[in-house]
Amino acid sequence: MIVSATYMYFFRKPNGLEKSEHTAIKFFVGASELTNEDHWQATEESKAKHALHRVKQLVGLSKYVNKIIALVKDGPRHKRCLHPNSCFSYLTQGAIRNFVIGYAIQGAVKLLGALPKLFHEPQALWKAARHRDNFGCAAFLGGYNAVFRLTCCLLRWLTGGDSDAHMAIAGCLAGSAMLFYPSISVALYLFWKLLESLYSKGIQAGYLPRVKHFDIFIYSVSTALLFHSAVFEPHLMRPSYWSFLQRLTNQRFVTLNRPVIDAYYNTGSALMYPGLTFNHLDPKHLSQNYKRHVQLFGNGLVKC
């Protein structure tokens, strides 16, 4: 929620975010909260009207659809609101649009993952299409947009004005929509991207130093932490990271003498491989320090 609030605070400010971040946020929450997006609004409204006209032609309920749309659009709108129609129309259009986008994105990911199973499990595509994660992602994006827009409009009605602080409050409350789709990966990615943006702004303002090759240093430290965890505590790593390292090293991490690591450090290195043994160890070539920590009984390694 704090990350969301910070993003939204800088979203309205000129050059507040990097272009890619600004474009992504504008795609999901719209440009009506900005003050210089009239042309974009007109284009989007034209697209929406054209799509709606096609729907009405297909359904054949133009008369009734027009009445409902007119009723929704002609509702109250605060004088400081930049969206063209009523606040309720602004809220529902954004929520429905993002709900569809969220379902389509997560559904596409699930469908791609189900393709290899299609030959031996024909129902895999249907299961992937209605997976609960699809609804979770849709509820997250739709709920985020709805809460954000609702809060912005409500604060304008309550205060009679508009400010960047409203964006921060709306972003903070909208962040609660992530309860529908809790994802540590998404949260951490947004958090670190925000820190990167804030550090860049600090450098531009002259408050923070520019460290040469700092990106390489961060990459090296991150790689070291991952490899350290892969040796001593692989059970604490994300399964996707562990699988990637296994493929990258041709399964070499499994061949480590994990019972010995546990004998020395007791970190649970062999928890993922309880039956792991090293039958080829010759006692004649083992150090005395090793023998003090580990005894060989038959085919297994047992801690003293």
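Tabulated values for the structure
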item	result
R0 of 25 Å, Cβ-Cβ distance residue 73-residue 13: FRET efficiency to nearest 0.05	0.25
At q = 0.12, 0.16, 0.19 Å⁻¹, base-10 log of I(q)/I(0) for region 97-146 (Debye sum, equal scatterers on each alpha carbon)	-0.27, -0.43, -0.55
Between region 227-276 and region 90-117, the alpha-carbon center distance in angstrom	36
Pairwise label distance in nanometres, residue 193 with residue 24, each label 7 Å out on the Cα-Cβ vector	0.1
Cα→Cβ-extended label distance, 7 Å offset, between residue 115 and residue 253, nm	2.7
Binned Cα-Cα distances of region 205-245, short to long, each 5 Å bin given as a whole percent	5, 20, 20, 16, 12, 9, 8, 7, 2
Accessible surface ranking that places the most exposed of 242, 192, 157 first, with a 1.4 angstrom probe	192, 157, 242
Whole-percent pair-distance distribution, where bins are 5 Å wide, for the alpha carbons of region 224-269	5, 24, 32, 25, 11, 2
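The values are calculated or read from the model by the stated rules, or taken from the named source; none is laboratory data. A quick note: this is a predicted structure, and the numbers were derived from the prediction, not measured. Reconstructed Cβ throughout: ideal geometry from the backbone, glycine too, with neighbour counts over all protein chains shown. Side chains are part of the model used for accessible areas, which takes the heavy atoms of the whole protein and leaves out ligands, DNA and RNA. Shrake-Rupley method; radii C 1.70, N 1.55, O 1.52, S 1.80 Å.
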